[in-house]
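Trainee: Below you'll find the structure I mean.
Every number here is computed from the coordinates shown, using simple stated rules; none is lab data. Predicted model only: the values in this text are computed from it and were never measured. Because the Cβ atoms are built from the backbone with ideal geometry, glycine has one as well, and the counts that use them run over all protein chains shown.
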Amino acid sequence: MTRTILEDKLAAIPDECLEEVSIYLDYIHYRIAVSEHKLEVKRQPGILGSPVWMSDDFDAPMEDLRELDN
């Protein structure tokens, strides 16, 4: 699609709808920026160097919350 066709379509839109067009164009620009950023950033597994550690009593009730159970 050429810019001329888009300009003709834009000229046919009522002035009260131009804000919606502007918002949608902002969204398109954002989506392009996000997709370009994802291509630049390469995820690397294991970058932190050590595995995650979780306590054996992770699921145990917390002392601070016991009084709320009553």
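Trainee: Along the charge dipole of the chain, which of S35, L65, G49 sits closest to the positive end, that is, farthest toward it, with unit charges on the beta carbon of Lys, Arg, Asp and Glu (+1, +1, -1, -1)?
Mentor: S35
Trainee: Neighbour counts of other C-beta atoms within 10 Å: give me V52, V34, V21 arranged from fewest to most.
Mentor: V52, V34, V21
Trainee: Sticking with this structure for a sec: Suppose every K and R has +1 on its Cβ and every D and E has -1 on its Cβ; what is the size of the dipole of the chain about the Cα centre, in Debye to the nearest 20?
Mentor: Charge dipole, the chain, about its Cα centre: 740 debye, nearest 20.
Trainee: Same structure again: Modelled label-to-label distance, V34 and A11, 7 Å Cα→beta-carbon offset: nm?
Mentor: Output for this residue pair reads 3.4 nm.
Trainee: Ok, one more. Sticking with the crude label model, points 7 Å out along Cα→Cβ, report the distance from L18 to A60 in nm, one decimal please.
Mentor: 6.6
Trainee: Angle, helix 18-40 long axis vs. longest principal axis of the chain, Cα atoms, 0 to 90°, nearest 10?
Mentor: 50
Trainee: Highest GNM mean-square fluctuation, the chain, Cα pairs closer than 10 Å: which of A11, A60, A33?
Mentor: Ranking A11, A60, A33 by mean-square fluctuation puts A60 first.
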